[in-house]
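S.K.: This is the structure I have questions about; it appears just below.
The values are calculated or read from the model by the stated rules, or taken from the named source; none is laboratory data. The structure presented is a predicted model; accordingly, all values stated were derived computationally and were not measured. Here Cβ is always computed from backbone atoms with ideal geometry, including for glycine, and neighbour counts include all displayed protein chains. In case anyone asks, the SASA skips ligands and DNA or RNA and just uses the protein heavy atoms, side chains included. Shrake-Rupley method; radii C 1.70, N 1.55, O 1.52, S 1.80 Å.
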Amino acid sequence: MGFGIFVSLFILSILLFIVSIFLFVKRKKYGIKAPIATSVIFIILLCIVIPLGNQPEKGDYKKEASTFSYDRYLNGSVPEGTIVKVQGQVISLDKFTIDQEEVFLLDSEDGAFYVKNNNVDSTEIKDGEMITVYGGYAGNGDSKSPSINAQIIEK
């Protein structure tokens, strides 16, 4: 979904909220059905708008992504939160298919990365596949291996 659709739905939800409040205040004149109906529509619209607002723009991740040597990750010279691009082979930690929000190992040419699957497109990821990951660098975990919160995953 584009940014324009999000903004339009957001403005519509604000207007619907204002109309709902107005109809609740004037319920003697308009009855109780109108404010209840507008409130229900507002809640449904809100359930659509919130997930749209939480999705990052995919183009931004690809444009801003940087690649670093594995040594730079290990010695701490890559700031946390930096948008990075890493390519490698998927190694599942416990099953054949990696679902949303699960962690897997990405074995690149230089070393292994822990990757959390926050993939906005819900691309199916299988053990052994070669993929490219775009996401935020999350620092080195307890195992001292670099971690990435993957937002975009391409095969």
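S.K.: Which lysines does Lys63 reach when only Cα atoms under 25 Å apart count, and residues fewer than 8 places away in its own chain are ignored?
M.R.: Result set, ordered by chain and number: Lys85, Lys116, Lys155.
S.K.: Tell me the trypsin sites (Lys or Arg not before Pro) within the range 1-39 that lie in a loop according to DSSP and have at most 16 other beta-carbon atoms within 10 Å.
M.R.: When the trypsin sites (Lys or Arg not before Pro) of the range 1-39 are filtered for loop state and at most 16 Cβ neighbours within 10 Å, Lys26 remain.
S.K.: In deg cm²/dmol, rounded to 500, what helix-only [θ] at 222 nm does the chain give when every DSSP H run of at least 4 residues adds -39500 (n - 2.57) and the total is split over its residues?
M.R.: Details: 5 runs with 61 residues, N = 155.
Calculated mean residue ellipticity at 222 nm is -12500 deg cm²/dmol.
S.K.: Using only the Cα atoms of the range 73-155, what semi-axes does the equivalent ellipsoid have when each is the square root of 5 times a gyration tensor eigenvalue? Give whole Å, largest first.
M.R.: Working: eigenvalues 73, 35, 25 Å².
Working from the Cα gyration tensor, I get semi-axes of 19, 13, 11 Å.
S.K.: Taking Lys62 as the anchor, which aspartates and glutamates have their alpha carbon closer than 19 Å to its alpha carbon, excluding any fewer than eight residues away along the same chain?
M.R.: Glu80, Asp121, Glu154
S.K.: If you don't mind, there's one more thing I want to ask. Heavy atoms only, 1.4 Å probe, whole protein assembly: order Phe104, Phe68 by accessible area, highest first. The partial results should precede the final answer.
M.R.: Numbers: Phe104 0, Phe68 55 Å².
Output order, biggest surface exposure first: Phe68, Phe104.
S.K.: How large a share of the accessible area of the range 2-54, in percent, is made up of carbon and sulfur atoms when the probe is 1.4 Å and the other protein chains stay in place? Could you put the intermediate results ahead of the total?
M.R.: Values: 3120 of 3870 Å².
Taking all protein chains in place, the range 2-54 shows 81 percent carbon and sulfur surface.
S.K.: Pull up the DSSP beta bridges for the range 60-154 and report the antiparallel fraction as a percent, rounded to 5. Please report the intermediate quantities before stating the final value.
M.R.: On the way: 24 of 29 bridges.
The antiparallel fraction comes to roughly 85 percent.
S.K.: Return the carbon/sulfur percentage of the accessible area of the range 59-150, one whole number, probe 1.4 Å, all protein chains in place. Present the calculation step by step, with values, prior to reporting the outcome.
M.R.: Details: 2100 of 4920 Å².
In the range 59-150, the share of accessible area belonging to carbon and sulfur is 43 percent.
S.K.: Once percent of Cα pairs over 26 Å apart is worked out from the coordinates, which option in (1) 48; (2) 54; (3) 44 does it equal?
M.R.: Working out percent of Cα pairs over 26 Å apart from the coordinates points to (3).
S.K.: Here is a follow-up. Using the heavy atoms of the protein chains and a 1.4 angstrom probe, tell me the accessible area per residue for the range 1-125 in square angstrom.
M.R.: Numbers: 8210 Å² over 125 residues.
Roughly 66 Å² per residue, with all protein chains present.
S.K.: Okay, moving on. Taking the Cα centre of the range 60-154 as the origin, how large is its charge dipole in debye, to the nearest 20, when only Lys and Arg (+1) and Asp and Glu (-1) carry charge on their Cβ atoms? Kindly include the intermediate steps, with their values, before the conclusion.
M.R.: Numbers: 8 positive and 17 negative charges, 54 e Å.
My answer is approximately 260 debye.
S.K.: Next up: Taking Cα pairs under 8 Å and at least six residues apart, what relative contact order does the range 60-154 come out at, in percent? Intermediate results must be reported in sequence, preceding the final value.
M.R.: Working: 223 pairs, mean separation 29.8, N = 95.
It rounds to 31 percent for the range 60-154.
S.K.: Still on this structure, I have one more. Got a number for the accessible area of Leu105? Probe 1.4 Å, square angstrom, nearest 10.
M.R.: Surface accessible to solvent at Leu105 totals approximately 40 Å².
S.K.: Right, here's the next one. In what order, largest first, do Phe42, Phe10 sit by accessible area if the probe radius is 1.4 Å?
M.R.: Working: Phe42 40, Phe10 95 Å².
In descending accessible area the options line up as Phe10, Phe42.
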